[in-house]
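Since the structure comes first, as structure tokens, the remarks are kept for the end.
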Amino acid sequence: MKLQKFIDRPILSMVISVVILVAGLIGLYALSVEQYPDIAPPTIRVSTTYSGANAEAVQKSVIVPLEEAINGVENMTYMTSTASNTGSAEITVYFKQGTVPDMAAVNVQNKVSTATSLLPAEVTKVGVTTMKRQSSMLMIFGLYSPKGTYDETFLTNYLNINVKPQLQRISGVGEVNVMGGDYAMRIWLKPDVMAQYELEPADVEAALSSQNIEASIGSIGEDSKNVYQYTLKYRGRLEKEKEFENIVIKAFDDGRVVRLSDIAKVELGSQSYTYTGSVNGSPGTTCMINQTAGTNANEIITSINKYLEELKETLPEDVEVVELMSTKNFLDASINEVIKTLIEAIILVVLVVYVFLQNPRSTLIPTISIFVSLIGTFAALYVAGFSINLLTLFALVLAIGTIVDDAIIVVEAVQTRFDEGYRSPYKAAVDAMNGISSAIVTSTLVFMAVFVPVSFMGGTSGIFYTQFGVTMAVAVGISAINALTLSPALCALILLMSLGILTPEEALSGFSNSVVIMMVGLFVVGGAIFQTGLAKMISGRIMKLAGDSELRLFLLVMTVTSVIGAFVSNTGTVALMLPIVVSLAAKAGISAGRLLMPLAFASSLGGMLTLIGTPPNLVIQGVLSENGYAPLSFFSFTPVGLTCIVIGIIVLLPL
């Protein structure tokens with residue numbers, strides 16, 4: 001296809017850019033946000049407990065058989081193991097970068113199952129756990145009793161029963177580790193008394209195993225001619241201290257029995273006393289939360305904080321929850337600083353371009369190229385499996401100065417043709433593109449050739465270079481596409497505004513259908529803003545800026561409305577601002593009618609700005625000249641309206 005096709009069909013050029021923008025916005029919404037890309041290699045953790053064994057016994061009887069079975073699993077690089085005197089054993093298996101963690105966990109589990117028969121019976125009874133290890137800590141919060149009404153064991157049990165299951169159901173949450181021991185029935189044996197009765201711990205274990213069980217008793221009269229059939233019930237496992245104390249350990253021929261209370265002290269205590277926790281100097285326990293790979297840390301922490309706020313209302317008296325650590329604070333600060341730098345870079349680039357081009361309409365074309373290229377890049381990041389992190393945002397900051405070059409070249413080439421005597425913007429644009437199109441493609445390919453090869457690097461450093469390089473290359477590639485399609489079409493059309501002189505009657509001809517389409521599109525987008533909750537988000541930001549001042553709120557509504565009114569007609573401004581105003585009124589606790597007054601005034605002010613010639617007005621606008629009225633050509637309304645309708649339908653369909 002010749003490049004002249006895009007100049008002859010400006011709507012096609014606009015649709016291409018709109019498709020890139022829509023794809024970029026969808027990718028931006030779907031991308032996860034994190035500080036750095038996930039560079040840690042996939043790791044699988046195998047853990048179990050050998051009660052009563054020391055570290056040496058655990059090493060020889062548990063870890064060695066498991067290591068021999070796991071060794072050589074697919075894509076494994078190395079593994080480490082630890083054994084403690086408390087009987088715990090843990091093996092961490094590391095895999096090559098790029099290995100799917102789920103498949104790695106399945107492969108390790110298959111290897112572990114082959115060594116189960118070699119493990120001690122006590123270990124087999126407890127079980128061997130194989131799971132993906134989550135190394136990214138999200139947050140830590142504590143549950144404590146300020147007045148000491150409840151002890152650590154109660155709070156740990158409360159977390160395990162009431163809080164942990166709810167946290168695990170939050171999307172993106174990986175592991176939820178509650179520090180401390182849960183409730184357990186503690187049996188403290190008396191060795192001197194046991195010696196008198198010639199008993200040993202194995203006798204106590206045997207008695208517990210036989211008398212503290214869940215059993216299937218069956219029924220009476222089943223499969224017989226009896227008229228009645230009774231299902232037998234058994235009380236099941238023991239629950240109270242008194243019930244455990246009555247367990248018979250030994251019976252003598254003369255009828256005497258030795259019960260558990262005779263040789264041991266039974267109490268409801270903690271499962272483990274190796275950990276002691278306190279929060280703010282009071283009895284308490286802590287909970288650590290990890291995220292799964294590839295999830296949005298900001299959204300997860302926001303959901304967790306929302307749940308914890310709801311939890312505070314249902315906590316028992318003298319129990320409070322407090323946040324001890326959260327990665328969201330540092331993550332927000334880091335991302336906000338980069339976004340601030342990104343916005344500053346865009347403003348500086350636009351100002352520099354305007355200083356040198358000395359024409360607002362010519363400056364508009366490179367400005368559009370910046371936003372199309374930056375937003376479109378997010379679609380490529382989503383397809384590549386990247387995330388929004390400091391590296392990708394830093395690459396976008398650096399790319400701003402480069403992606404604007406192609407559009408500037410197009411504008412300057414067209415302007416040069418005007419200086420040479422061309423009077424037709426169409427011919428100037430066609431002739432300019434014939435001369436510079438190959439140069440744009442060549443310079444873009446050379447630039448991309450510098451960054452694309454880094455995507456083939458492996459290892460940890462390769463992940464950093466890949467995300468940075470691919471982001472730069474994609475942004476520049478999209479800018480080249482924009483320079484070959486939309487930029488020449490805009491040159492032929494926008495520069496026509498300052499040259500072609502039309503009468504008001506000529507200007508108004510052909511507007512009716514286009515304006516209707518645009519208005520319908522704007523109302524569809526307004527409905528989408530209201531239905532998707534975007535209005536609540538925007539109104540929340542405005543309320544945050546306004547604070548408690550109602551006057552400041554009115555001024556902010558007028559400012560936002562005036563800015564939108566400079567680009568859209570009065571009706572379109574109302575369509576876009578109405579859902580935001582309704583949401584603002586609900587948040588501020590005032591009547592929506594009071595906010596409609598500054599809305600109406602500001603939309604009228606925006607309509608007045610369009611008559612002055614603010615770029616790029618999407619309404620019937622123009623500048624007064626000595627020869628008549630020169631409005632914006634009606635071509636812009638139809639694609640803008642259709643684009644708004646398409647975006648609104650895309651947003652509303654999932655709802």
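Per residue, the accessible area of region 202-263 comes to 77 Å², computed with a 1.4 Å probe over protein heavy atoms only. When a 1.4 Å probe is rolled over the protein heavy atoms, the share of accessible surface on region 19-150 that falls to carbon and sulfur comes to 54 percent. Counting charges near Glu320 (Lys, Arg +1; Asp, Glu -1) among other residues having Cβ under 14 Å from its Cβ returns a value of -3. Each Cα pair under 8 Å and six or more residues apart adds its separation to the average, and for region 163-242 the resulting relative contact order is 19 percent. Relative contact order for region 193-346: 12 percent, from Cα pairs under 8 Å spaced at least 6 residues apart, divided by residue count. At full extension, Leu12 and Val322 could sit 106.0 nm farther apart than now, given 0.36 nm per residue minus the alpha carbon distance.
Can you give the FRET efficiency for Val100 and Glu337, using 1/(1 + (r/R0)^6), R0 = 30 Å, r = Cβ-Cβ distance, to the nearest 0.05? So the FRET efficiency works out to roughly 0.30. Short-range pairs are left out: with C-alpha atoms under 8 Å and at least six residues apart, the relative contact order of region 212-265 is 25 percent. In a reduced charge model with +1 at each Lys and Arg Cβ and -1 at each Asp and Glu Cβ, region 280-364 shows a dipole moment near 680 debye about its Cα centre.
Within the shell of other residues whose beta carbon sits under 15 angstrom from the beta carbon of Pro120, the net charge comes to -1, with Lys and Arg scored +1 and Asp and Glu -1. Residues in region 380-388 carry Karplus couplings, in order, of 5, 4, 5, 5, 6, x, 7, 9, 7 Hz; the curve used is 6.51 cos²θ - 1.76 cosθ + 1.60 with θ = phi - 60°, and Gly or Pro positions show x. One Cα centroid belongs to region 57-111, the other to region 207-266; the line between them spans 41 Å.
Annotation for region 184-233: trypsin sites (Lys or Arg not before Pro) lying in DSSP loop with at most 16 further Cβ atoms inside 10 Å of their Cβ are Lys225, Lys233.
Taken about its Cα centre, region 52-105 carries a charge dipole of roughly 60 debye when the Cβ of each Lys and Arg holds +1 and the Cβ of each Asp and Glu holds -1.
Any idea which of Ala413, Pro360, Val322 is furthest toward the positive side of the dipole for region 297-433, if Lys and Arg beta-carbons carry +1 and Asp and Glu beta-carbons -1? Positive-end residue among those listed: Ala413.
Looking at Ala202, Thr231, Ala251, which one has the Cα that reaches farthest to the positive end of the dipole of region 193-274 (charges on Cβ: Lys, Arg +1; Asp, Glu -1)? Going by the Cα projections, it comes out as Thr231. For region 58-106, applying the loop criterion from DSSP together with a ceiling of 15 other beta carbons within 10 Å to the GluC sites (Glu not before Pro) yields Glu74. Near Ala184, the amide H atoms lying under 5 Å from its own belong to Gly269, Ser270, Gln271; only residues 5 or more places off or on other chains count, and H is placed 1.01 Å from N.
Evaluated with a Cβ-only charge set (Lys, Arg +1; Asp, Glu -1), region 131-219 carries a dipole of roughly 720 debye about its Cα centre, given to the nearest 20. Within the shell of other residues whose beta carbon sits under 12 angstrom from the beta carbon of Glu205, the net charge comes to -2, with Lys and Arg scored +1 and Asp and Glu -1. Could you tell me whether region 83-195 comes out rounded, prolate or oblate from its Cα gyration tensor? Rule is a ≥ b ≥ c as square roots of the eigenvalues, rounded for a/c under 1.5, then prolate if a/b exceeds b/c, otherwise oblate. Oblate, since a/c reaches 1.5 and b/c is not below a/b.
Centre-to-centre, using Cα atoms only, region 429-460 and region 301-371 are separated by 31 Å. Take the Cβ atoms of Lys544 and Ala40, set R0 to 35 Å, and the FRET efficiency comes out at 0.45. Site pair Ile220 and Thr80 shows an inter-label distance of 6.3 nm when each label is modelled 7 Å from Cα along Cα→Cβ.
The phi torsions of region 6-21, fed into the Karplus equation with coefficients 6.51, -1.76 and 1.60 and a -60° offset, translate into couplings of 6, 6, 5, 10, x, 5, 4, 4, 5, 4, 4, 5, 5, 4, 4, 5 Hz, rounded to whole numbers, with Gly and Pro shown as x.
The values are calculated or read from the model by the stated rules, or taken from the named source; none is laboratory data. These figures come from a predicted structure and were not determined experimentally. Neighbour counts are summed over all protein chains in view; Cβ atoms, including those assigned to glycine, are modelled from backbone coordinates with ideal geometry. These area figures cover heavy atoms from the full protein model, side chains too; ligands, DNA and RNA do not enter into them. Shrake-Rupley method; radii C 1.70, N 1.55, O 1.52, S 1.80 Å.
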